[in-house]
1. Could you check the stretch 375-443 for strands (runs of 3 or more DSSP E) lying wholly inside it with 3 or more residues that are assigned by TED's automatic domain parsing to the domain that holds Ala257?
2. Quick one: would you say Glu529 is touching a residue at least 12 places away in the same chain (Cβ under 8 Å), assigned to a helix (DSSP H, G or I) and closer than 22 Å to Leu611 by Cα?
3. Given the structure, is Leu84 over 30 Å from the mean Cα position of the chain (by Cα) and either surrounded by 15 or more Cβ atoms within 10 Å (Cβ to Cβ) or at pLDDT 90 or above (or both)?
4. Name the one entry in Val52, Val9, Val16, Val88 that is in contact (Cβ under 8 Å) with a residue 40 or more places away in the chain, within 30 Å of Asp760 (Cβ to Cβ) and out of contact with any strand residue (DSSP E or B) (no Cβ under 8 Å at 6 or more places or on another chain).
5. How many residues does the stretch 553-599 hold that are outside any loop (DSSP other than H, G, I, E, B) and of a type outside the set (Asp, Glu)?
6. Of the residues that sit in the stretch 644-696 and are of a type in the set (Phe, Trp, Tyr) and more than 27 Å from the chain's Cα centre (by Cα), which one is surrounded by the fewest Cβ atoms within 10 Å (Cβ to Cβ)?
7. Out of (1) touching a residue at least 12 places away in the same chain (Cβ under 8 Å); (2) assigned to a loop (DSSP other than H, G, I, E, B), the odd one out for Asn501 is which?
Amino acid sequence: MSKYASALVNIKGLGVKTFSYLIPDDMKDKIQIGQALLVPFGRQGLINAFCVGFSDYLPGDFKVKKINKILDETPLFSIDYLKLLEWVANYYCCDLVTVLNAAIPMKLIEKASKTEQLVEFVKYDGATKRQVQVLQLLEKSGKMPLILFEKYAKTTRATIKKLEQSGCVKLIQEELYRNPLDILRITEREPLFELSGDQEKVYEGIKRVIEWQKSGGQEGKLISDEEEQKSGGQEDKSVTDNNTFSTSEILLHGVTASGKTEVYFKLIDDTIKAGKNVLFLAPEIALASQLTKRLAKKFGTEDVAIWHSSISDGERYDVWQKLYKNKIKILAGARSAVFAPLQNIGLIIIDEEHEGAYKQTTPAPRYDARIVARKLAKFHNCPLLLGSATPDISTYYRAVNTGNLFELKKRYNDAKVPPVTVINMQEHGRAAYKNVISIPLQTEIKETLAKGQQVILLINRRGFSTFTQCQACGHVIECPNCAIPMIWHAKDQMLKCHYCNHSEYFPDVCPECGSDAFKNSGTGTQKIEQYVKDIFPENTVERIDSDILVRKGEHIRLLEKFQRGDIDILVGTQMIAKGLDNPNVTLVGVISADASFNLPDFRASERGFQLLTQVAGRAGRGEFAGKVLFQTYNPDFYALESAKSQNYIEFYETEITARNEFDYPPFSQIIRLVLSSANNFRAEKSAQEIALRLCMMIEKFGISERLEVLGPTPCVIERINGQYRFQILIKNKLDMKGHQFISGFLNRITLPKDIKMVVDVDPLDIL
């Protein structure tokens, strides 16, 4: 056995670090990776830690303290789990400690298991008439906590004691696992929906791929006898993890409301019956919560668990324990659930895989749950099923080139895809209410409300006005910390910055010319909400954006209220473009369809197309036909034209051609370095020096054709929170070798104290 153990320690004021400790002789046969330990640490005394590795030698002459105690002999994670985290650290060019800190909640080891008393039915013999009624309820509900059963059966502890004495029930002590789903108390499961013909065909196709893999299929292309590969044998130029993805990565491309979830559930049922477990990811906490409830109704609360950042520490501890002990069959959650220690995984599902919420933007590690899930699928040799109506361009490209593309082109029950009308605001803007809400849109809203149906209005900008300008000199009020305009929030009567959260009162006079001739311009959700209330005062109008979702569960509360029909018109940002399945919504209006297309980012067209297509899909999901209206000043833009016709293939073919021409993903991988400092000159100089040194090293190794350095250039938003920002973009065509090269280079760099650097692999945007 090794002499030393590496322990992950949470140090007050410093965060999570690893330190080496001497393993006492009496622990050498007991200690394992993943165990919770008690270790000495300076003035803090004895503190909790995790064992994350072993060694026989230490670099240098150190006095090493002994491990005090093994807190729990049952490990909280395995060696294979640690290997996954090591891969994440290598891929995202960061250290393992950073990944460990993100993946493993340190509060886990501060918690302890609890026990509770359960009551279980045994027999009816010897019971009175009233006691039989109690026993019938217990037999139906199954073994359950004594306290809960007393309330459920409206009985007393004395009655239960008498039943125990007569042998009718049995009281047992079991380890308590807190479960957020207990409140549902589902006693009867709902059957799975019968699949339609198209759904059944897709389901069988996906099963064929899965069975092929189980039978020992090798990495490569799998094409059915009746299909031919569309690519015609063209070379796959895409850059991915190790440049190979097994046929276990499957894309289900289905139009909105096509019933992708029902296909998921059928595959989940197959996986569980085969003795395997399922990881199901949703892009946001609210959607994960809705999904978990649906799963619990189909598969039972005992077999389903939820994992995200908002569950309590106690629940997190208990879920973690159950996962590691293989007592959970289905785990649903947001992106962090990809790090949960689910055992024996037989299927990984990522719904709405195009969503940017799967990407961690800050702090490090800036991982993408979709990419980590691909590696996780390889670890478990299981299929990864990605689903979306508007898949990520790179995902669709891989699916086309592997043959693992399955499509649902029709809505469930042959419901019609709502027609989209484009309103040219160059023609209708002057007559529009406050130059914002056009007459055609007002008319459609009025007609929809008259039928007792509901409306969704999208404006992807929160606040009341997007900028405040002096009419005398043209000066725009900017955030003092960031190089962006302050946004007026009418409800709070404050100007706010959406990047650093700085807020201030409206100025009395212009700081440039002394004039008081200010005008709030631009449009946000607050302004649209007010305008709609002005036009339709008799109707209930609510707004949903991040400004009002300060209370826990507020998102779900508003959506449930809308689902009940208590809200006539729902105004919101991109939050309303997903997770809404309300059959009474028959009209969707997009106030400014151009907004997402005007960002200086190579993904801007893709993000805009996805948003418009997704929000359009909220209309007409029930028995009533739907309508969609796009207000725009650029009706001929190609991405908007494709969104109007709901034609993903048309958009994809245009976009992939441009990506190939300019060597953007999937034909290369982007690694972004952002250098920042409070001093503009210092930030720029540091960025220039790093870019020069990197280019010289690339030239030295003769890999300039596979690693291309762009910049440095000022970031689009040059200053955030008082820090001037410069970026270096690296186009990587060396796969993991490129990651290793960049990591090695960065490890040799010593930055001045006033310079900060962020490494972002596969950035969500380059703003």
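The values are calculated or read from the model by the stated rules, or taken from the named source; none is laboratory data. In this text the structure is predicted, and so the values were computed from the model without any measurement. Here the Cβ is made from the backbone with ideal geometry for all residues, glycine too, and neighbour counts use every protein chain on show.
1. Working: elements: 384-388, 405-408, 420-424.
Filter on the stretch 375-443 gives 384-388, 405-408.
2. Details: touching a residue at least 12 places away in the same chain (Cβ under 8 Å): yes; assigned to a helix (DSSP H, G or I): yes; closer than 22 Å to Leu611 by Cα: yes.
Yes.
3. Details: over 30 Å from the mean Cα position of the chain (by Cα): no; either surrounded by 15 or more Cβ atoms within 10 Å (Cβ to Cβ) or at pLDDT 90 or above (or both): yes.
Judged against the criteria, Leu84 is not a match.
4. On the way: Val52 fails: out of contact with any strand residue (DSSP E or B) (no Cβ under 8 Å at 6 or more places or on another chain); Val9 fails: out of contact with any strand residue (DSSP E or B) (no Cβ under 8 Å at 6 or more places or on another chain); Val16 fails: out of contact with any strand residue (DSSP E or B) (no Cβ under 8 Å at 6 or more places or on another chain).
It is Val88.
5. As a first pass, look at the stretch 553-599 and keep what is outside any loop (DSSP other than H, G, I, E, B): 554-563, 569-572, 574-577, 585-590, 595-598.
Then drop every residue that is not of a type outside the set (Asp, Glu), which leaves 555-559, 561-563, 569-572, 574-577, 585-590, 595-598.
Result for the stretch 553-599: 26.
6. Quick first cut of the stretch 644-696, residues of a type in the set (Phe, Trp, Tyr) only: 648, 651-652, 662, 664, 667, 681.
If we keep only those that are more than 27 Å from the chain's Cα centre (by Cα) as well, we get 662, 681.
Details: Phe662: 11, Phe681: 9.
Once the filter is applied, the top-ranked residue is Phe681.
7. If we test Asn501 against (1) touching a residue at least 12 places away in the same chain (Cβ under 8 Å); (2) assigned to a loop (DSSP other than H, G, I, E, B), just (1) comes out false.
Residue-by-condition table, conditions (1) crowded, with 17+ Cβ neighbours inside 10 Å; (2) of a type in the set (D, E, K, R); (3) in contact (Cβ under 8 Å) with a residue 12 or more places away in the chain:
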residue: Lys416; (1), (2), (3): no, yes, yes
residue: Thr448; (1), (2), (3): yes, no, yes
residue: Gln454; (1), (2), (3): yes, no, yes
residue: Asn460; (1), (2), (3): yes, no, yes
residue: Gly474; (1), (2), (3): no, no, no
